[in-house]
Structure formats: structure tokens, C-alpha cells
Amino acid sequence: MAGTFHHYFEGWQKYADNAAGRPPRPLLVDALQLISARDAAIDLGAGALTDSQYLLEQGFASVTALDSAPVAQATADTFPATRFRYAISTFEAFAFPTAAYDVVNAQYALPFIEPAHFPRVFAAIRASLKPGGLLVGQLFGDRDTWAGSPGMNFHTETSARALLADLTLLRFDVEDDANSKTMSGRPKHWHAFHIIARR
Ligand SMILES: C[S@@+](CC[C@H](N)C(=O)[O-])C[C@H]1O[C@@H](n2cnc3c(N)ncnc32)[C@H](O)[C@@H]1O
């Protein structure tokens, strides 16, 4: 399956081990400049928990890290149990609370929602934002190297914008780079939409 995500995939544990100790994702850092509320945040596909740690450091009273596997359990064990919940569940099975989060951080996470479940799960994610809350993260575009990979969802720019139509777009940066690389250094065409949207 050359060219698909699974051709590149070395496992989420290895991905998280490689990402441990990295700085928070720049889009999250930028997003926190745009919101003063620091009540509750959720980190979707939290991986190495670098963004979860940043949310805790930035003073969020409650941070939930959601991931299908406990790939950063040792790091999670160092976080304050009163403010941090490590929720091990797929996006598809998670019961998203309604109007609960000031920030939904979804860095390189939403594309891994099963396409058949995507409309329902994306609607639940959107509804989990408080009014005024921010959705921060990426959708992948139809020109991405991995487009068509089983289990992943991809969007044209038009369909991505349509998904966000009832949110206020604060950022919608199009990355369309045919000569880029994956985190592990393999050549890849990245076609991604980098999004900050307010409910
Ligand atoms: C590409 S990594 C991104 C990690 C981190 N957010 C970052 O920016 O580096 C995707 C993460 O989502 C998790 N994941 C993938 N599919 C998932 C699903 N269907 N439900 C929940 N988590 C999932 C993986 O275990 C992995 O930690």
C-alpha cells in the first residue's frame, strides 16, 4: 500500500516516543492567545501529551487527554490528578459532553476518525465546545499523499470550509507542499488545513 498512511505507519507508541519532549504545537500556542478562558480543555489524539502538558501549564483547571491507547502513561502519571484525566477511548466511542470545553485541541487527530463515523463524531466534537470556545487542529486535504488510506478522512478545501460553516474561522491556513517530509523524515506531500475556529 505504498503511499497510504499505513505504508508509513510505525505504530502510535513509536510516534509518541519520538514526539516526547517536543514543544507544543504552534497552532495551539497561537490559539491560546485568542481566548482568555482557562476552565476546561480536551486534547484529542493526545499522543505524547506535549500539548496536554502545555494546557496544564497555561492554567487550564481541567484537561482531558483522549487517545485510543495509553502511549504516554508514564508522562500522564506525573500530571496532577486533580486537574488531568487520561481518557483511553477511540474518538468514535467517546461520549463527548455538550458545551463543555473552552478549547478542543485536535492536532493531527481528526483525519484518523473512521470516515463512516466522521459526520456524527465531528458534530459531537463541535457540540462539545462552549459558546466562544475554540476548535484548534487540522483536517487533511484530498491532494495529501495519504488520501484514500483506509480508516482516514480527507476533504477538499470547499468541503473542509463547509464543515466549519457555522463556526467563526479565525485561521484557515492551507498547507499544500509536495516536497515535504513526515515526522520520521520520509518524503510526503502534505495537504492540510490548519484551523482555529470559534463556536
Ligand atoms: C498523528 S498522532 C498526533 C499526536 C499529537 N496530537 C501530535 O500533534 O503530535 C495521532 C494520535 O491519535 C491517536 N488516534 C488515532 N486514531 C484514533 C482514534 N480513532 N481514536 C482515538 N485516538 C486515535 C493515536 O494513538 C495518536 O496518539
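Values in this text are rule-based calculations from the coordinates and carry no lab data. Not measured: the values here are computed from a predicted model. We place every Cβ from the backbone using ideal geometry, glycine too, and count neighbours over all the protein chains shown.
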_Efficiency of FRET between Thr158 and Val29 - r from beta-carbon atoms, R0 30 angstrom, step 0.05_ = 0.55
*Take Met152, Met183 and order them by how many other Cβ atoms sit within 10 Å, fewest up front.*
Met183, Met152
_Positive-end residue of Tyr8, Phe112, Gly137, charge dipole of the chain with Cβ unit charges_ = Gly137
*What residue among Ala93, Ala40, His155 has its Cα farthest toward the positive end of the dipole of the chain, where the charges are +1 on Lys, Arg and -1 on Asp, Glu, each on the Cβ?*
Ala40
*Cβ-based net charge around Asp176, under 13 Å, with every Lys or Arg adding one and every Asp or Glu removing one*: -4
*Mind giving me the FRET efficiency for Thr168 and Asp39? R0 is 25 Å, r the Cβ-Cβ distance, nearest 0.05 is fine.*
0.80
*Is the shape of the stretch 50-148 best called rounded, prolate or oblate, per the rule: a/c under 1.5 gives rounded, else a/b larger than b/c gives prolate, else oblate, with a ≥ b ≥ c the square roots of the Cα gyration tensor eigenvalues?*
prolate
*Most exposed first by the Cβ proxy, i.e. fewest other Cβ within 10 Å, how do Phe118, Phe60 rank?*
Phe118, Phe60
*When a footprinting reagent is the concern and you count Cβ atoms within 10 Å, what order do Leu163, Leu28 take, fewest first?*
Leu163, Leu28
*asked:* With the cut-off at 1.5 for a/c, could you classify the chain from its C-alpha gyration tensor as rounded, prolate or oblate?
replied: oblate
*Tell me, how many Å apart are the Cα centres for the stretch 129-199 and for the stretch 87-110?*
17 Å
*asked:* Run the helix sum for the chain: -39,500 (n - 2.57) per DSSP H stretch of 4+ residues, divided by residue count, reported at 222 nm to the nearest 500 deg cm²/dmol.
replied: -6000 deg cm²/dmol
*If you place +1 on the Cβ of every Lys and Arg, -1 on the Cβ of every Asp and Glu, and leave all else neutral, what size is the dipole of the stretch 5-198 about its Cα centre, to the nearest 20 Debye?*
160 debye
*Could you give the length gained on full extension between Ser89 and Lys181, defined as 0.36 nm per residue of separation minus the Cα-Cα distance, in nm?*
30.2 nm
